[in-house]
Each structure stands twice: as structure tokens, then as C-alpha cells.
Amino acid sequence: MYQQLYQHFLNANPGKQHFACHSHHYWPDVTRDATLAYWDDTACLVDDKWELVFGEKVPAVQQHIARILKLPEPEQIVFAPNTHEFVMRLLSCFDWSRPLTVVTTDSEFHSFHRQINRLCELTTVNVIRVPTEPFASFPQRLAAAVAAQPVDLVFFSQVFFNSGVGIKDLPALVQALDKITDAMIVVDGYHGFMAVPTDLSAIAQRIFYLAGSYKYAQGGEGCCFLAVPQGSDHRPIYTGWFAEFGELAKAKQGQVQYANNGYRFAGATMDCSALYRVLAVFELYQQQGLSVEKVQAYIQNLQQAFLRLLDEIQHPLLNREHLLDKQDQQQGQFLTFRFAADDVARIAAALKQQGIMTDYRGDRLRFGFALYHNSADYNLSCLKDIR
């Protein structure tokens, strides 16, 4: 139905069934033109391109993101090449020589997990990890962990990367946390942004929300963003010259100054071609009348068609009984099956040999779904020979 929008990627991968869209999503054709437009603008404008980037492109992307997430202040959105840069900038707001307590989960993305483990080697840093399972009680258990002691930072995902299960009522969870702590609250929205309908209007002044274009925004790597609460007066130690753009907040004499909006969390020079690409995707969605809700409904229909095919095949491992989420919690755009890690790796490799692209993490095999899928094209017959 939407495959005509992705012809370059589809033609470059003939005979493949790409179920790894949650890992590296195909880019729509308009992103190729956008990449070339960035090159052409750079050739024409050279140094003056920054006026175009920050005067037109950045505000346009900010406005689209604010519209999608229902954020009241587009200028509170700042960009960086990856979310790890934002994680480090947020962490640099704290004094690591003093006691620092972080409450997070056992299911955060790899860079955060690695970084927080490294910080744990400092005697001053205490990290409390709340298991995401059982999913139904996670919000209550997270709140209890935060209430149990003074906390400086709360960090959790909107949709967990290793399961596809998400927070059913994000505003309610944040509002509950706000009643018991004044800690910084950071929500990793990478697997939620443009995959799950999201309304941040009620909590925009309380959370830092980070996501990017590599997954469901389909603009590729290099364009991540952070939504900063309005009025934030944080002064990250890890800072770059972009953080001086725009109106500057008042500073004491001799202090480094910061922008008076989201760009106080900016870094330094970056390749802005990804901004062009994601802007092209946002414009394409508007032209096609595609909302996050409409895309989610299409994805859910694909997932049900996929599960019906599995029902027919009756594979001993790839079946509904091994779905990680059996309670129908809010899903991202992928399904996760859990069984023995050795079997997961073996089946993923066998599927890849048959042109069925998936990905896995330990004992979890993930199948992603996308607009460039058509359920009529699904062919899982090879599973009959993979046991």
C-alpha cells in the first residue's frame, strides 16, 4: 500500500523480507532528494548555510516534532548527532564528586547501560535498577523505588527496546513521580516517537524527552533531539558553541553563558543532512495524510496478519506462547519472542539465510513491521524446515 514511497531501498534489497525495521528502518525515497539538497545548499552557501539551517530548517523540524508530540514550545527542542551525547550532557549537570543517586530500569538502551555502569565505578554514584517485568506493575514499582530514598535522576524508556512493551499512561506515571520527587526525570522516547501516539502537553514542563530519526522517523542516523522543560536553568558542563545561539540567559560575570531555550543543551558542529532528511519525511507524511495513529493502526494489522501465519505453521518456538508480551501492553512497532538464547541465535541466522531479516538480543528475537510491508507478501514457509 505504501511500498511506492520506498522504492530505492526495496529495489536495493530484492528477495528480502525486512523485519528489522525497529533497528534500521528503510528510508523513503524523498530522503535521497533531501540529502542531495543539503549538498547543493552547502555548495551554494558554504559558510552561510548556517543561516539557512538555523533560520529555516531547524525551526521547521522543531515545529513538526512539537506538533507530533503536542509540545507547547518548539524552541525547547534541541538537536545532536546521537542520544548518548544528550545523556552525557544531562549527566554533566550533576557534580559527580558528591553523592548521586539514579533510578532507572534493567531495559535501557546499550549506550546508557554502558555509561551508567562506568559511572558506578565512582564511589559517589549509586544506581538503582527497577526490573521492567512484570510489566503490569512496573509504574508502581518504579514510583516505589523513587520514593524509597532521595533521588537525583530518574531515567526510563517510553517503549522498552528489548520487548516492545511501553508505558500505557506516560503522563500519569510522570505526574505520580512529580508528587514524590524533584529529581530530573528523563524519558527515552526513541521507540515511541512516531511509533506510538504521544501527548506530552501535560508533562512538557517536567520531563526531558529524547528521541531521534534513526527508527520510526525514518530520516536515518545523525538527527536526535531533546525536548527541554521551559525555564530550565541547568548549566551542563559538557557544552559546545551551539549552546550560545539565540538569546542568552543572564549569567554572573565571567560565567559561561547558555541559550535561554532548549539550545542550552546543544553541542557543537554537526552534519545537518539528517535534519533535511527527517524534514522531508515529516512533509511526506503530511502530503500522504499519515498520522502516527494511522501508521500505528496499519502496523497493528500487519502484526496480526504475521501472527496468524505463525498460527498456521505451528512452529515449536516461534508462536504466540513465546511472545514476551502476553497481556497486550502498549506495543511499539515490533513483536518480541523469548526462548533459549542458543535457539534464538540459531533461528535468526537460519532466517537470514532465507532472506528474512530480524534481529535478536540474548534470549529475545525481535520482528519489526513498517509501512513498506504488505502482509500479502509475507512468506514464512521456510519455518517448517527450521526447528
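Run residue 31 past the list (1) in contact (Cβ under 8 Å) with a residue 60 or more places away in the chain; (2) of a type in the set (Ser, Thr, Tyr); (3) over 19 Å from residue 212 (Cα atoms) and report the number of the one that doesn't hold.
Going through (1) in contact (Cβ under 8 Å) with a residue 60 or more places away in the chain; (2) of a type in the set (Ser, Thr, Tyr); (3) over 19 Å from residue 212 (Cα atoms) one by one, residue 31 breaks only (3).
Being surrounded by 24 or more Cβ atoms within 10 Å (Cβ to Cβ) and farther than 21 Å from residue 296 by Cβ narrows it down to one residue among 228, 174, 186; which is it?
It is 228.
Testing residue 168 on (1) open to solvent by 10 Å² or more (accessible area, probe 1.4 Å); (2) at pLDDT below 95; (3) touching a Lys or Arg at 6+ places or on another chain (Cβ under 9 Å), one condition comes back false. Which one is that?
(3)
(1) surrounded by 14 or more Cβ atoms within 10 Å (Cβ to Cβ); (2) farther than 30 Å from residue 41 by Cβ; (3) small (Gly, Ala, Ser); (4) in contact with an Asp or Glu (Cβ under 8 Å, 6 or more places away or on another chain): which one isn't true of residue 355, the others all being true?
It fails just one condition, (4).
I'm trying to understand the selection: among the residues of the range 323-340, which are closer than 15 Å to residue 162 by Cβ, open to solvent by less than 50 Å² (accessible area, probe 1.4 Å) and not acidic (Asp, Glu)?
Within the range 323-340, 323, 324, 329, 331, 332, 333, 334, 335, 336, 337, 339 qualify.
Out of curiosity, is residue 124 buried (at least 19 other Cβ atoms within 10 Å of the Cβ), closer than 22 Å to residue 184 by Cα, touching a Lys or Arg at 6+ places or on another chain (Cβ under 8 Å) and at pLDDT 95 or above?
So residue 124 does not fit the description; no.
Out of curiosity, is residue 148 more than 23 Å from residue 265 (Cα to Cα), modelled with pLDDT of 95 or more and surrounded by 19 or more Cβ atoms within 10 Å (Cβ to Cβ)?
Taking the combined requirement at face value, the residue does not satisfy it.
Out of (1) at positive phi; (2) open to solvent by 10 Å² or more (accessible area, probe 1.4 Å); (3) in contact with a Pro (Cβ under 8 Å, 6 or more places away or on another chain), what's the single condition that is false for residue 218?
Every listed condition holds for residue 218 apart from (2).
Take the conditions open to solvent by less than 10 Å² (accessible area, probe 1.4 Å), modelled with pLDDT of 95 or more and farther than 16 Å from residue 70 by Cα and apply them to residue 154. Does it pass?
yes
Yes or no: the range 79-90 includes at least one residue that is acidic (Asp, Glu), assigned to a helix (DSSP H, G or I), open to solvent by 70 Å² or more (accessible area, probe 1.4 Å) and within 18 Å of residue 225 (Cα to Cα).
No, every residue in the range 79-90 fails to be acidic (Asp, Glu), assigned to a helix (DSSP H, G or I), open to solvent by 70 Å² or more (accessible area, probe 1.4 Å) and within 18 Å of residue 225 (Cα to Cα).
List the helices (runs of 4 or more DSSP H) that sit entirely inside the range 1-77 and contain at least 3 residues that are open to solvent by less than 20 Å² (accessible area, probe 1.4 Å).
Filter on the range 1-77 gives 58-69.
Which ones in the range 91-111 are of a type in the set (S, T, N, Q), part of a loop (DSSP other than H, G, I, E, B) and more than 15 Å from residue 234 (Cα to Cα)?
97, 107
Note down all Cβ pairs under 7 Å where the first residue falls in the range 52-76 and is closer than 15 Å to residue 224 by Cα, the second is β-branched (Val, Ile, Thr) and buried (at least 19 other Cβ atoms within 10 Å of the Cβ), and they're at least six residues apart or on different chains.
Filtered contacts from the range 52-76: 61/278; 62/77; 65/77; 66/77; 69/198; 76/228.
Could you figure out which of (1) out of contact with any Pro (no Cβ under 9 Å at 6 or more places or on another chain); (2) under 16 Å from residue 204 (Cα atoms) isn't true of residue 113?
Status for residue 113: all satisfied but (2).
Suppose we filter the range 190-207 for residues that are part of a loop (DSSP other than H, G, I, E, B) and free of Cβ contacts under 8 Å to residues at least 40 places away in the same chain; how many remain?
Qualifying residue count for the region: 4.
I'm trying to understand the selection: among the residues of the range 363-377, which are within 18 Å of residue 336 (Cβ to Cβ) and either open to solvent by less than 10 Å² (accessible area, probe 1.4 Å) or in contact with a Leu (Cβ under 6 Å, 6 or more places away or on another chain) (or both)?
Answer for the range 363-377, where residues must be within 18 Å of residue 336 (Cβ to Cβ) and either open to solvent by less than 10 Å² (accessible area, probe 1.4 Å) or in contact with a Leu (Cβ under 6 Å, 6 or more places away or on another chain) (or both): 365, 366, 367, 368, 369, 370, 373.
I need the full set of residues from the range 298-339 which are farther than 23 Å from residue 379 by Cβ and modelled with pLDDT of 95 or more, in order please.
Within the range 298-339, just 338 meets the criteria.
The values are calculated or read from the model by the stated rules, or taken from the named source; none is laboratory data. Nothing here was measured: the structure is a model prediction, and the numbers come from that model. When we count neighbours, we look across all protein chains shown, and the Cβ atoms used for this are built from the backbone with ideal geometry, even at glycine. Surface accessibility is based on the protein's heavy atoms, side chains included, excluding ligands, DNA and RNA. Shrake-Rupley method; radii C 1.70, N 1.55, O 1.52, S 1.80 Å.
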